[in-house]
Amino acid sequence: MMRTRVTRRVLPFLAALFLATPIAMPVAKSVAGSTGYQMSTSGMAASPTNVFDTKLRATYNALGAEQQGLKFETFAKAITGYLNLREAGQLANDKQLLTVVDFDLPSTEKRLWVFDLATNETKFHTLVAHGHNSGENEATNFSNTDQSNMSSLGFYATSNEYQGKHGRSLRLEGLDEGFNTNASARSVVMHGADYVSEAFIKQNGRLGRSLGCPALPMDLKDEIIEAVNGGTCLFINKSNAGYDSKYLNQEAALTALVSTASATATHS
């Protein structure tokens, strides 16, 4: 019974399509390691992969993510991981927020998004810094090693706030073994920094760089940390960087959606 109550809170905005669409076909198990997020279009129009792709694209369009510079392939990976983490019980039940950092973009562009998946709204779209040794304007190198001063790719769950040397900060729990699980030991956190600003870009041609933290603009860091703290999903992306994740599993993502639809139908 407890699982049913929890499941009903998982992405009601996606469940509606599954209530109206029959599902009859098997799905690919994973998109990990692919260069792009590609969905099969063969078979019945109502196959799970097609339904999943259709709703993801509808959500992507409703959020205006393409107009904001976020590629669908990156968004689809982020949502797939978010659903996997939901299904695994690794995210809080009272927030449906997804933060995406896309290091395919240079530091001079706004490459952090916070999406409210309950309302299909973009809460924040802003600049974010990468690690000093990850690159200059573009992040090209990544590490899970202490003192590497590089950013780490993959899925994180936000944790609790604290007051540190950068003021209000937010701890992050790395969830991808081999890619970001040393985040806590490395003190990789969300914090504000003066070098994350349009003024710094104008003067230096790029943002300043952190020791591996996704550093935020000072004028937005309090609002962002307040919004995303306490068990929400963060995904840091870089294409063609050797990143792989057990959370990029379409089957588990679909399980979360079908369970949601079934619970919603039962209790509506």
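Would you tally the residues in the stretch 56-85 being free of Cβ contacts under 8 Å to residues at least 60 places away in the same chain and open to solvent by 30 Å² or more (accessible area, probe 1.4 Å)?
Going residue by residue through the stretch 56-85, those that are free of Cβ contacts under 8 Å to residues at least 60 places away in the same chain are 56-58, 60-72, 75-76.
Still in the running and open to solvent by 30 Å² or more (accessible area, probe 1.4 Å): 57-58, 61-62, 66-69, 71.
The number of residues fulfilling the criteria is 9.
Within the stretch 147-169, track down each residue that is open to solvent by 50 Å² or more (accessible area, probe 1.4 Å) and of a type outside the set (D, E, K, R).
Within the stretch 147-169, 147, 160, 162, 163, 166 qualify.
Any idea how many residues of the stretch 181-207 are farther than 18 Å from residue 147 by Cα and in contact (Cβ under 8 Å) with a residue 40 or more places away in the chain?
Selection size over the stretch 181-207: 9.
Among the residues of the stretch 119-130, count how many are part of a strand (DSSP E or B) and not basic (Lys, Arg). Let's see the steps before the verdict.
Within the stretch 119-130, the subset part of a strand (DSSP E or B) is 121-126.
In the following step, the residues that additionally are not basic (Lys, Arg) were identified as 121-122, 124-126.
Of the residues in the stretch 119-130, 5 are part of a strand (DSSP E or B) and not basic (Lys, Arg).
Name every residue in the stretch 86-118 that is buried (at least 23 other Cβ atoms within 10 Å of the Cβ) and assigned to a helix (DSSP H, G or I), in order of residue number.
86
Go through the stretch 131-183 and give me each residue that's among the β-branched types (Val, Ile, Thr), within 19 Å of residue 102 (Cβ to Cβ) and not in a strand (DSSP E or B). Talk me through it step by step, then tell me what you get.
Within the stretch 131-183, the subset among the β-branched types (Val, Ile, Thr) is 140, 145, 158, 181.
From what is left, the residues that are within 19 Å of residue 102 (Cβ to Cβ) are 140, 158.
Scanning the stretch 131-183 gives a single hit, 140.
The values are calculated or read from the model by the stated rules, or taken from the named source; none is laboratory data. Predicted, not measured: the structure shown is a model, and the values here were computed from it. Here the Cβ is made from the backbone with ideal geometry for all residues, glycine too, and neighbour counts use every protein chain on show. Areas reflect the complete protein model, heavy atoms only, side chains present, ligands, DNA and RNA absent. Shrake-Rupley method; radii C 1.70, N 1.55, O 1.52, S 1.80 Å.
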